[in-house]
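K.L.:
Have a look at this one before I ask anything.
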Amino acid sequence: MTPWLRGVLLLLAMCVAAPQARATEPSPVLGRWSVDVSRLPMPPEARPKRVTFAFDAVEADKWRIRVEIVQADGSERISTATVALDGSTSAIAGDTLEADAIAARLPQPGVLVLALGKARVPASTRVYAVSADGRHLVETATHFGADGKAVMRMFQLDRAH
């Protein structure tokens, strides 16, 4: 085998192995994120004091998701779920005002897609995408309003330290 052919085969082997190596790296979505509440589209007095999301790996393909909202009056709304990343449905514990069921998929390491339901009816879809620098998480939330029209909102979360 010539050195050139050996080099081409080595390069080909590295290209084939690279996606597998990346698949074992933790997703950049994992960690704790906070919403910049000053940017929420509501009057300042109605804005929550704090909104945080935590995404923690509990098994290879299973995550714990915790959302904590501290309302303007100081009351707390906390929702938690442990979800498989295969799209199967899991129950949400705690505050289920918005949703009581969740399904999750991680189509790419930096993108998380959630489907939320309430009383066995679709509630919303959330797509989370990590910025290239890993410092921000953009949430795109979609649902249908009472008038039947699609509503889409985007929020930026910052990585909490």
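Read-outs throughout are calculated quantities, based only on the coordinates presented, and are distinct from any laboratory measurement. Everything numeric in this text was worked out from a predicted model, so none of it was measured. Here the Cβ is made from the backbone with ideal geometry for all residues, glycine too, and neighbour counts use every protein chain on show.
K.L.:
Which residue, of ALA115, ALA146, ALA93, is buried (at least 16 other Cβ atoms within 10 Å of the Cβ) and of a type outside the set (D, E, K, R)? Let's see the steps before the verdict.
P.N.:
Values: ALA146 fails: buried (at least 16 other Cβ atoms within 10 Å of the Cβ); ALA93 fails: buried (at least 16 other Cβ atoms within 10 Å of the Cβ).
The match here is ALA115.
K.L.:
If ASP133 satisfies every condition in (1) of a type in the set (D, E, K, R); (2) closer than 25 Å to ALA84 by Cβ; (3) loosely packed, with under 12 Cβ neighbours inside 10 Å but one, which is the exception?
P.N.:
ASP133 satisfies all of (1) of a type in the set (D, E, K, R); (2) closer than 25 Å to ALA84 by Cβ; (3) loosely packed, with under 12 Cβ neighbours inside 10 Å except (2).
K.L.:
Please report, ordered by residue number, the strands (runs of 3 or more DSSP E) entirely within the range 47-161 with at least 3 residues that are within 19 Å of PRO26 (Cα to Cα) and among the basic types (Lys, Arg). Steps first, please.
P.N.:
Numbers: elements: 50-59, 62-70, 76-84, 86-91, 101-108, 111-118, 121-130, 136-144, 150-159.
Of the strands (runs of 3 or more DSSP E) lying wholly inside the range 47-161, those with at least 3 residues that are within 19 Å of PRO26 (Cα to Cα) and among the basic types (Lys, Arg) span 62-70.
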